[in-house]
């Protein structure tokens, strides 16, 4: 993939992340924690896809993307272990919210996840900007 294509893909994934954060906030304010959790997780997921695009890494599965994030960015210390925990927790809560019958996350769970996701996406944005300056 050419550098301009990678840059365009990174920008697209970051737009998806920002839109997902905004949607999660709107859904939470509207009293819909279940879809808010889903959008929150996807904000984090899209941000990780942006990071991986820079390194020309990808996976067709969510678990693969999460594993690559841990291997490429958490294990070497680029991001703190807390980021890995947040991403894993978001994935698990989204899975539970989407697929467990009669499970609805609390507004507090959704709000905490959203706060973590904002920090997570901001951290990835900072890392991507640092990479541009190298």
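Computed from the coordinates by the stated procedures, all read-outs in this text should not be read as laboratory data. These numbers come from a predicted model, not from an experiment. Virtual Cβ from ideal backbone geometry, glycine too; neighbours counted across all protein chains shown.
Taking 19 Å as the cut-off, the amide N atoms of the range 37-76 that come nearer than this to a point 7 Å along the Cα-to-beta-carbon line of residue 7 belong to 50-57. The share of Cα pairs per 5 Å bin across the chain, counted from zero up to the longest distance, runs 2, 11, 21, 23, 19, 12, 7, 3, 1, 0 percent.
For the chain, the mean residue ellipticity at 222 nm estimated from helices alone is -26500 deg cm²/dmol, where every DSSP H run of n ≥ 4 contributes -39500 (n - 2.57) and the total is divided by all residues, rounded to the nearest 500. For the chain, the longest principal axis of the Cα atoms and the long axis of helix 107-132 meet at an angle of about 10 degrees. Annotation: peptides 32-41, 115-124, ranked by per-residue average of other Cβ atoms within 10 Å with the highest first, follow the order 32-41, 115-124. How tilted is helix 3-29 with respect to the longest principal axis of the chain? Cα atoms for both, answer in degrees (0 to 90, nearest 10). Approximately 20 degrees, to the nearest ten.
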